[in-house]
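The values are calculated or read from the model by the stated rules, or taken from the named source; none is laboratory data. Note that the structure is a prediction, hence the values are computed from the model and not measured. Every residue, glycine among them, receives a Cβ derived from its backbone with ideal geometry; neighbour counts consider all protein chains shown.
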């Protein structure tokens, strides 16, 4: 397993390295855990470019160079198959919503326990999205998607799906990479517990999230 940790505080990176090694190295797999480190946006993106085997990026929102959100957008656009999880001290709902809308697969608070961090990483690596439990208890990210648990960006995507638009057309309309649209659709279908686009649109219409008529 190959993980890139992006944070400008060396002490925090050292602590996270310890947490990752303790939590992920004894998983019954013969694959060695490899942890890369970067302290700024440019170094992080260069590392990803030079190491396509990276399985996960843990990214702080406040890093030198481009801020974390801009870095997130760039990584998701250029390396859409690599999941990015925000690891931040921010408790802002706005930050969490923005991160998910821009393609993050999770948001972990820095005050989380070691076990919570490891469980979150395992969840994301299995293809799911991780959100802080307290945040989920406070309500959905989007009023319209309250019962479905979809993010604002996912609502945008499924609304265009309901209009019969292709992935390429949706990508153009929302100014996203086509691979990012595919990722959103996969997560939409998982959240709505359906197996294809048609079922997703029909269920979204039933929940009052979109209109097809």
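Taking only pairs six or more apart or across chains, which ones have beta-carbon atoms under 8 Å, a first residue in segment 6-20 that is touching a residue at least 24 places away in the same chain (Cβ under 8 Å), and a second residue that is loosely packed, with under 14 Cβ neighbours inside 10 Å?
Matching pairs, first to second residue: 8/62; 8/64.
Which residues, counting only those in segment 82-92, are touching a helix residue (DSSP H, G or I) at 6+ places or on another chain (Cβ under 7 Å) and touching a residue at least 40 places away in the same chain (Cβ under 8 Å)?
Listed by number, the residues that qualify are 83, 85.
Quick test of your reading of the structure: residue 23 fulfils all but one of (1) in contact with a helix residue (DSSP H, G or I) (Cβ under 9 Å, 6 or more places away or on another chain); (2) modelled with pLDDT of 95 or more; (3) part of a helix (DSSP H, G or I). Name the failing condition by number.
Looking at each condition in turn, residue 23 falls short on (2).
Being surrounded by fewer than 16 Cβ atoms within 10 Å (Cβ to Cβ), in contact (Cβ under 8 Å) with a residue 60 or more places away in the chain and under 21 Å from the mean Cα position of the chain (by Cα) is the filter here; which residues of segment 183-213 pass it?
Selection gives 190 alone.
Can you tell me how many residues in segment 171-200 are closer than 23 Å to residue 106 by Cβ and assigned to a helix (DSSP H, G or I)?
Number satisfying all stated conditions: 18.
Among 176, 160, which is the only one that is closer than 17 Å to residue 73 by Cα and buried (at least 17 other Cβ atoms within 10 Å of the Cβ)?
Values: 160 fails: closer than 17 Å to residue 73 by Cα.
None of the other options fit; the residue is 176.
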